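The values are calculated or read from the model by the stated rules, or taken from the named source; none is laboratory data. Remember, it's a predicted structure, so these values are computed and weren't measured experimentally. Glycine also receives a Cβ, built like all others from the backbone with ideal geometry; neighbour counts cover every protein chain displayed. Calculation scope for accessible area: heavy atoms of the full protein, side chains included, ligands and nucleic acids excluded. Shrake-Rupley method; radii C 1.70, N 1.55, O 1.52, S 1.80 Å.
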Amino acid sequence: MSKKILSGKVIKDKNDKTVVVLVKRRYSHPFFEKVITSSKSYHAHDENNKYKIGDDVKIIESKPFSKKKRWEVISK
């Protein structure tokens, strides 16, 4: 089974080796047929603390690093 890859924007970078990434998803409502934007934030592992607030990044599913971190930043 392949790992999911999501793209989003870094919204927090205060913690050591961790960034919080906001991922927005757009889809059409099945009945009302309007485009809906939903968002979710993910805690991702950033080994070298090189990503800052506002950076567009890609994250991939990975092994659990901590209670909330199950994603890892792979590229900008």
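Side notes on the structure shown:
- Between F65 and M1, the simple spin-label model (points 7 angstrom out along Cα→Cβ) gives 2.2 nm.
- Neighbours of L22, meaning other residues whose beta-carbon lies under 10 angstrom from its beta-carbon, give a summed charge of +4 when Lys and Arg score +1 and Asp and Glu score -1.
- A cut-off of 5 Å between modelled amide H atoms, ignoring neighbours fewer than 5 places along the same chain, links K12 with V20.
- Restricting the GluC sites (Glu not before Pro) of the chain to loop positions (DSSP other than H, G, I, E, B) with no more than 13 neighbouring Cβ atoms within 10 Å leaves E33, E47.
- Most mobile of K52, K24, K63 in a GNM of the chain (Cα contacts under 10 Å): K63
- Relative contact order (%) - the chain, alpha-carbon pairs under 8 angstrom, separation at least six: 33
- Accessible area of the stretch 1-70 belonging to carbon and sulfur atoms, whole % at 1.4 Å probe: 51
- On a per residue basis, the chain carries 78 Å² of accessible surface, using protein heavy atoms and a 1.4 Å probe.
- The chymotrypsin sites (Phe, Trp or Tyr not before Pro) found in the stretch 3-42 that occupy coil by DSSP, while having at most 12 further C-beta atoms within 10 Å, are F31, F32.
- Members of K12/K40; K4/K63; K24/K50; K9/K67; K12/K34 lying beyond 20 Å, as alpha-carbon distances in this model show: K24/K50; K9/K67; K12/K34
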